[in-house]
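I have placed the structure first, in the form of structure tokens, so that the comments after it can refer back to it.
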Amino acid sequence: MRLQECFEDFFRDGNTYWAPSSYQYYKRNVDYFFNYLANRYRRPSGSMELSELPETILAEYVVWLRPKEKYAGHPLRGAMNVNGTIKNNTVNTYMCAVKCFFNYLYRRKYTGIRYTEGLKLPRSDDDQIVSLLASEVYRIDRIFDEEKPGDLVFDSNTIVINRSKGNKSRVVLMCPLLEKLLRHTFATSYIMGGGNLETLRLLLGHFDYSVTRKYLHLAAQYQITGTDIYRLDPIFFKKGY
């Protein structure tokens, strides 16, 4: 069976229950794997037969991913002042989608090889999670109020400021860490405000609780120390009607 046919079947079946964000996640990461195959075998990956792939193809893909540079191919990478290779967590994010794809092929009996069996992935990074204080969020709000920004474009880490000085629009590079800081702040504040772990897991799009649970410990530390974390609007904690 050709890989293109496998690809189409996987996404046709997935579209019956995936959320739009899940579809984009699988599409982006399976496409990236197909690009790897095309570069490796010097031919369109979609025309390849599934049976042509060696049993070690996923392990080889992990080895290829690990030295990949951060933001490789990003049009603004030169201005971001980022160095080094992608983190283990990023490698695992790439691989989660690809593993789901190959597990699907095995369940559908498109192949008798269980490509994911025995596959070892890099150990997750234990980066410290940092949240914004209330005073820091208010300072960011004031900057936005003064600058009258247009849109946050997270794919390119930029802020489009409409009708700025001289009535001209301009693009300002945004700190690559801002998106993560806002995400961590929301999650920590949500737990501190009484939100439940399952809802938070769904909101963050986590596959399981292994990552989401970290916010429980962080919230407990902040509560013990009386840290003034930014508080979410009460609307997030309304129950029922």
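If the condition is being among the acidic types (D, E) and open to solvent by 30 Å² or more (accessible area, probe 1.4 Å), then the range 1-45 contributes E5, E8, D13, D31. Picking from residues in the range 181-228 that are among the charged types (D, E, K, R) and not in a loop (DSSP other than H, G, I, E, B), the one that is farthest from the chain's Cα centre (by Cα) is E198. State yes or no: is Y36 under 20 Å from G205 (Cα atoms) and modelled with pLDDT of 90 or more? Taking the combined requirement at face value, the residue does not satisfy it.
Scanning the range 7-31 for residues being of a type in the set (G, A, S) and touching a helix residue (DSSP H, G or I) at 6+ places or on another chain (Cβ under 6 Å) gives a total of 0. Inspection of the range 105-116 finds no residue satisfying the criterion of being exposed (fewer than 15 other Cβ atoms within 10 Å of the Cβ), within 24 Å of the chain's Cα centre (by Cα) and more than 22 Å from R183 (Cβ to Cβ). Take the residues in the range 55-71 that are part of a loop (DSSP other than H, G, I, E, B), in contact with a helix residue (DSSP H, G or I) (Cβ under 9 Å, 6 or more places away or on another chain) and open to solvent by 70 Å² or more (accessible area, probe 1.4 Å), then tell me which one is nearest to T116 (Cα to Cα). Looking at residues that are part of a loop (DSSP other than H, G, I, E, B), in contact with a helix residue (DSSP H, G or I) (Cβ under 9 Å, 6 or more places away or on another chain) and open to solvent by 70 Å² or more (accessible area, probe 1.4 Å), I get R66.
The values are calculated or read from the model by the stated rules, or taken from the named source; none is laboratory data. Since the structure is predicted, the reported quantities are computational estimates derived from the model, not experimental observations. Cβ sites come from the backbone with ideal geometry, for glycine too, and all protein chains shown count toward neighbours. In case anyone asks, the SASA skips ligands and DNA or RNA and just uses the protein heavy atoms, side chains included. Shrake-Rupley method; radii C 1.70, N 1.55, O 1.52, S 1.80 Å.
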